[in-house]
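Heads up: the structure comes next, in structure tokens.
The values are calculated or read from the model by the stated rules, or taken from the named source; none is laboratory data. As the structure is a computational prediction, the values presented were derived from the model and not from experiment. Heads up, the Cβs are rebuilt from the backbone with ideal geometry, glycines too, and the neighbour counts pull from every protein chain shown. Surface areas here come from the heavy atoms of the whole protein model, side chains and all, with no ligands, DNA or RNA. Shrake-Rupley method; radii C 1.70, N 1.55, O 1.52, S 1.80 Å.
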Amino acid sequence: MSPATVALVTGGTSGLGLAVADRLMTSGVTPVVIGRNEERGRCALRTLGGSAVFVRGDVASEPDVTKALDIATQHGSLRIVVNCAGVPHAARVVGRSGPHPLQQFADVITANLVGTFNVVRLAAERMMANPPTEQERGVIVNTASSAAFDGQVGQAAYAASKGGMVSMTLPLARELAGSLIRVVTVAPGFFETPAVASVPAEARRELDRDLMHPQRWGNPAEFAELVAHIVGNPMINGETIRIDGAVRMSPGLRRRSS
Ligand SMILES: NC(=O)c1ccc[n+]([C@@H]2O[C@H](COP(=O)([O-])OP(=O)(O)OC[C@H]3O[C@@H](n4cnc5c(N)ncnc54)[C@H](O)[C@@H]3O)[C@@H](O)[C@H]2O)c1
């Protein structure tokens, strides 16, 4: 009997990552979800049930990701990695209390971009040991954002972190092609998740003005369905796919010059 297919899903304890873990389970995949919060992890396992596994860890930490990969490979053949871990962030380059704190910029880049790359590099090495099935050893899906393309006022750090993910997609796919590993990025628009529950009502109304069709925010299950398609379609590689109902974000709230 061939070993179970395992998917490592970062940020899989909530929002888009949790929906992906849930969707992959319906295809018989064992999800190993990484998150920083133990309580959220327990809660996710209650939601997912079945064979799902939780590992507490920070995606930007080499020891944490190595531990998660060790656990993942104990549960079967690691053939899928979906990077959903990420932090939102908004701050002006020069705000009321002065210039954008440099450490905040570095922290956002670390959580979103360095963390994703850390998982990609360590997971790709494990995938290279897989025997090919249907001419591939694995697929890696990263999660960027519409902000990679049309970042708003206050999104310099966040947009830079997501833009970096878009830019590294092709070189990663080109390099890992020789190992039969695909790399794809998904760039979501507005999706209803715990991360956006904290968006203030005024900002939410601003964002709603940019909706095209459908005139609503996305459901995490719709994001998960795209990821499941990418996993199953070997011709999708080296590309960033927007899933945003044609939303192109407006510049956002600009300060008037006085
Ligand atoms: N929800 C949206 O509308 C939207 C839009 C565009 C992009 N995204 C991106 O999609 C991804 C998922 O977002 P979401 O809306 O589901 O948010 P979410 O907050 O529900 O989920 C993100 C998860 O990542 C975890 N996380 C953050 N930093 C981590 C780290 N260093 N190590 C381990 N785990 C970490 C968080 O704890 C959280 O569980 C994020 O990368 C986000 O930037 C979301």
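The apolar share of the surface of segment 1-100, taken as the fraction of accessible area on carbon and sulfur atoms (1.4 Å probe, ligands and nucleic acids excluded), comes to 51 percent.
Within segment 5-243, DSSP assigns beta bridges of which about 10% are antiparallel (rounded to the nearest 5). Between A221 and V93, the simple label model (points 7 Å from Cα in the Cβ direction) yields a spacing of 4.3 nm.
Positive end of the dipole of the chain (Cβ unit charges, origin at the Cα centre): among V6, M128, A148, the Cα lying farthest that way belongs to A148. Scan the chain and note any complete DSSP helix (H) whose C-alpha atoms cover at least 27 Å along its axis and whose Kyte-Doolittle average is -0.5 or more. Taking the DSSP H segments of the chain (at least 27 Å long, mean hydropathy at least -0.5), we get 156-177. Applying both filters, DSSP loop and at most 11 other Cβ atoms within 10 Å, to the trypsin sites (Lys or Arg not before Pro) of segment 186-229 gives R209, R216.
Proximity of backbone amide H atoms, modeled 1.01 Å from N, is registered between A187 and A144, I241, R242, I243 at under 5 Å, excluding neighbours fewer than 5 places apart on the same chain.
In the chain, a dipole from Cβ-located charges (positive for Lys and Arg, negative for Asp and Glu) runs towards its positive end, and of V33, V139, Q215 it is Q215 whose Cα lies farthest in that direction. Under the convention that each Lys and Arg Cβ holds +1 and each Asp and Glu Cβ holds -1, the size of the dipole of the chain around its Cα centre is about 580 debye.
For a quick check, take a GNM of the chain with Cα springs below 10 Å and name the residue from N233, N37, N142 with the largest mean-square fluctuation. Of the options given, N233 has the highest mean-square fluctuation. Using equal-weight Cα scatterers in the Debye expression, the normalised intensity of the chain in log10 at q = 0.11 Å⁻¹ is -0.57. Measuring r between the beta carbons of S179 and S51 and using R0 = 25 Å, the FRET efficiency lands at 0.40. Taken per residue, the accessible surface of segment 140-217 reaches 44 Å², heavy atoms only and a 1.4 Å probe. Each of the peptides 3-9, 53-59 was scored by the mean count of other Cβ atoms within 10 Å over its residues; in descending order, highest first, they stand as 3-9, 53-59.
Rounded to the nearest 0.05, the FRET efficiency derived from the C-beta distance between R248 and E202 at R0 = 22 Å is 0.60.
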